[in-house]
Amino acid sequence: MITGEQMAAVDENAEALGVPRKQLMESSGNAVAQRVREIADPGSRVVIVAGRGNNGGDAFVTARFLDDYDVTTLLLGRAETIGTDIARDNWAALERADYDVREVTDSRTLGLPDCDVLVDAMLGTGISGNLREPAATAARAINDAEATVVAVDVPSGFDAASGDHADNGVDADHVVTFHDTKPGLEHLEATVTVADIGIPAAAERFVGPGDVRLARPDDRAGRPYVIGGGPYTGAPALAAQAALRAGAELSFVAAPEVVAGEIQGYSADLIVQPFDGDHLGLDQLDDLLETAQTYENVVVLGPGLGTEAETLEAVRTFLESYDGQVVVDADALAVVPDIETDATLVCTPNRAELARMGGPDADDLRSVADEIESFAAELGHVVLAKGAADVVTDGERTRISRSGTVAMKVGGTGDTLAGIVAALLEFADPLEAAAAAAHVNGIAGERLADGQGHGYLATDVLEEIPAALWGGADE
């Protein structure tokens, strides 16, 4: 099962793999035509009611596969306002080939010809809420007709995210949905057919530009709270700066007072909050928890903390007491397998840390992806295992990120990844945020390698995060 938003991401990933959307549209339209042929004899009268998006484009293709039928295609609006190039091309093909096509520029003049089959292709998976004109008038006419109604992907007015169906939506007899079923279709009084349109399995397995588009921020928001530092200072500074580069509004670092000034020195953009002592301990915990809970921060816990026994006990207590979202990295990962927490955790171990947590011990993480998925299911948290290929899993769904270069073995790129995850958690669910972050971090590295080879540092990666997230997600 897949939502409309997820389906759009899969379409984009397929295109990045070399399967263009125009090819997918051709397969979709053919699948709808096949369903029409199954329910109506050749020579039957078929009327297609199409919108100006890709849902309508699918139906324009359908018309070309029904030459044995008497087909009329009604476009709700003017052809010059068709919204995508591929839909516009398929409409133009119908016009040039002398198919019966008509523009409906005023819904008040809409009249559906008598027919045996009505194809509803007005609105697709990106629409929610009650239908507006001209679709509302067309839906009433479709529902009042005596013809068999076939919906393209979902009935117009159906919300492919929530499964809700608008009060004035189309009541379909048959639904031809693409690639996978959509939430709520099973509750409709309609026969639902899932059509394979040739999307490769890799479009859902491998993280791609569609996943980035799904998770990336529309605007600056969120205030990640990095709790780190002590023996090390660069790690928390890199994580906090990466969060800012990935769309966070503000980025806070809570660190021991003996290193707080050094961390602040990395960037004037960070808000550094020193606490007493030279490492995290139980004495500082109440203040840290109060801050995180008061501001509902996404917390990044672990960068540069060290392995003092008191520090690990403080990490354990924090995680057992906090119920928000936490990106757990580096030394803090050690306590995760032994705790119970109401917090939502995204754990970001490298290969060695994964093995120490009780996960599989392998040089090639991709080869043990199923084992990592089982480990995440047992752990009850999202795992982003970092390697040559990153494995991202919530115990049920597993994604592989293949972006990046060998130069990302340099210290600090795991910290930039943790910061990106924290920023994206403000906008996406944990698996989607982690998968997109892994891809963005890797794309940032690839952009650097294209320009300067493999001699770059984690601080260089920071500079490329915005382009990888907003401007370079298609690379």
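The values are calculated or read from the model by the stated rules, or taken from the named source; none is laboratory data. No experiment lies behind these values; they were computed from the predicted model shown. Note that each Cβ is placed from the backbone with ideal geometry, even for glycine, and that neighbours are counted across all protein chains shown. Keep in mind that these areas ignore ligands, DNA and RNA; they rest on the heavy atoms of the full protein, side chains included. Shrake-Rupley method; radii C 1.70, N 1.55, O 1.52, S 1.80 Å.
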Open item on the list: If the reach is capped at under 24 angstrom between alpha carbons, list the lysines near Lys409, excluding any in the same chain fewer than eight residues apart.
Closed with: Lys386
Task: Cα centroid separation - region 245-315 against region 176-235, whole Å - done: 30
- [ ] Among the trypsin sites (Lys or Arg not before Pro) in region 28-106, which ones are in a DSSP loop with at most 13 other Cβ atoms within 10 Å of the Cβ? Mind listing them?
- [x] Arg78
Task: Residue-span extension gain [Glu290 to Asp276] - 0.36 nm each, minus C-alpha spacing - done: 3.4 nm
Task: Karplus-derived HN-Hα couplings along region 351-368 (A = 6.51, B = -1.76, C = 1.60, θ = phi - 60°), whole Hz, x at Gly and Pro - done: 4, 5, 5, 4, 5, 5, 6, x, x, x, 10, 8, 6, 9, 5, 4, 6, 10
- [ ] List every residue whose amide H lies under 5 Å from the amide H of Ala255, counting only residues 5 or more places away in sequence or on a different chain, with H placed 1.01 Å from N in the peptide plane.
- [x] Gln273, Phe275
Task: Vicinal HN-Hα couplings computed from phi for region 20-35 (Karplus, 6.51 cos²θ - 1.76 cosθ + 1.60; Hz; Gly/Pro x) - done: x, 5, 4, 5, 5, 4, 4, 5, 5, x, 4, 5, 5, 4, 4, 5
Task: region 374-401-region 1-24 distance, computed between alpha-carbon centres (Å) - done: 22
Task: Rounded to the nearest 10 Å², the accessible area of Leu469 at probe 1.4 Å - done: 0
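Given a 1.4 Å probe and every protein chain left where it sits, what share in percent of the accessible area of the chain is carbon and sulfur?
After summing per-atom areas, the C and S share lands at 42 percent.
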Task: Glu249 paired with Gln452, simple spin-label distance in nm, labels 7 Å along Cα-to-beta-carbon - done: 3.3
- [ ] Among (i) 59, 22, 18; (ii) 41, 33, 20; (iii) 51, 21, 20, find the value of semi-axes √(5λ) of the Cα gyration tensor in Å that was calculated from the structure presented, and write down its label.
- [x] (iii)
Open item on the list: Tell me whether region 4-202 comes out rounded, prolate or oblate; compute the Cα gyration tensor, take square roots of the eigenvalues as a ≥ b ≥ c, and use a/c under 1.5 as the rounded threshold.
Closed with: rounded
TODO: Putting +1 on Lys and Arg Cβ atoms and -1 on Asp and Glu Cβ atoms, find which of Leu282, Thr311, Leu424 reaches farthest to the positive end of the dipole of region 209-471.
DONE: Leu424
Open item on the list: Shape verdict for region 190-284, please, from the Cα gyration tensor: rounded (a/c under 1.5), prolate (a/b greater than b/c) or oblate.
Closed with: prolate
TODO: Label region 249-297 by shape, choosing from rounded, prolate and oblate, from the square roots a ≥ b ≥ c of the eigenvalues of the Cα gyration tensor; if a/c is under 1.5 it is rounded, and otherwise prolate applies when a/b is larger than b/c, oblate when it is not.
DONE: oblate
Open item on the list: Taking the 0 to 90 degree range and rounding to the nearest ten, how far is the long axis of helix 135-144 tilted relative to the main principal axis of the chain, both from C-alpha atoms?
Closed with: 50
Open item on the list: If amide hydrogens are placed 1.01 Å from N in the peptide plane, which non-local residues have theirs closer than 5 Å to the one on Val298?
Closed with: Arg223, Tyr225
TODO: At 1.4 Å probe size, with every protein chain present, just tell me what the per residue accessible area of the chain comes to in Å².
DONE: 41
Open item on the list: At a threshold of 8 angstrom on Cα-Cα distance, excluding pairs fewer than six apart, so keeping six or more, what relative contact order does the chain reach in percent?
Closed with: 12
TODO: Would you compute, from DSSP H runs of 4+ residues alone, the mean residue ellipticity of the chain at 222 nm, taking -39500 (n - 2.57) per run and dividing by the full residue count, rounded to the nearest 500?
DONE: -12000 deg cm²/dmol
Task: Under 29 Å from the Cα of Lys22 - lysines, other chains or at least 8 residues apart - done: Lys182
TODO: Could you run the Karplus curve 6.51 cos²θ - 1.76 cosθ + 1.60 with θ = phi - 60° over region 113-130 and give me ³J(HN,Hα) per residue in whole Hz, x for Gly and Pro?
DONE: x, 4, 7, 8, 9, 10, 9, 8, 10, 7, 9, x, 7, x, 10, 9, x, 5
